[in-house]
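> Pasting a structure below so you can have a look.
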Amino acid sequence: MANKRALSWSVALRDLKDDRSRRADVREERLRTMAGLRGSAAPSLSAWRGRSGRRYVVGVHDLVEAELAEIGEAVVIAVRRDEAGIAEAVAIAAVGRGARERLQRNWLARARQSGATEMHVHRLAESEEARRAVVTDLAADADLSAA
């Protein structure tokens, strides 16, 4: 018996293309934390993978208006979770130093109406242009992004 396997290149290329398109979805990738090490509380961290394949590490917070005002320069993702704990971004915004208070309240109200209970904050984008690029990468749906 010959142990030969027939390979259909067209099927293999189609499967490869399908795999790439599945990976291009914006999604949360939970990070392992240092929970329980030396008795200290672990920071609540997670990461989001953008359409470009880049990964953005975020701090996870409750969706609270007071914290939104204190964030400073960052990218903020309003997140809701389903019963299985899978995160879905419902609103994404780049926040600068001069963010208007009314705009923040409106964004927060829309996020809550969409079912968001968490705020994921990415603080590593250093410039306004970099923050806008992160928002564009993470906002798979044009309705998600807000200034």
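> Go through the range 103-124 and report how many residues are hydrophobic (A, V, I, L, M, F, W, C), in contact (Cβ under 8 Å) with a residue 60 or more places away in the chain and part of a loop (DSSP other than H, G, I, E, B).
Step one: filter the range 103-124 for residues hydrophobic (A, V, I, L, M, F, W, C), giving 103, 107-109, 111, 116, 119, 121, 124.
If we keep only those that are in contact (Cβ under 8 Å) with a residue 60 or more places away in the chain as well, we get 121, 124.
Those still in the list that are part of a loop (DSSP other than H, G, I, E, B) too: 124.
Number of matching residues: 1.
> A further question on this structure: Being modelled with pLDDT of 80 or more, within 20 Å of R27 (Cβ to Cβ) and among the polar types (S, T, N, Q) narrows it down to one residue among S114, S145; which is it? Working first, answer last.
Values: S145 fails: modelled with pLDDT of 80 or more.
Within the list S114, S145, the selection yields S114.
> How many residues does the range 131-142 hold that are farther than 13 Å from R54 by Cα and at pLDDT 90 or above?
Residues that pass the stated criteria total 2.
> Answer with yes or no whether D18 is modelled with pLDDT of 70 or more, more than 21 Å from H122 (Cβ to Cβ) and loosely packed, with under 12 Cβ neighbours inside 10 Å.
No: the conditions fail for D18.
> Name the residue, out of V75, V95, V64, that is in contact with a strand residue (DSSP E or B) (Cβ under 8 Å, 6 or more places away or on another chain) and at pLDDT 90 or above.
Criteria check complete, one pass: V75.
The values are calculated or read from the model by the stated rules, or taken from the named source; none is laboratory data. Given the structure is predicted, the values throughout are model-derived calculations rather than measurements. Positions of Cβ are backbone-derived with ideal geometry, glycine not excepted, and every protein chain shown enters the neighbour counts.
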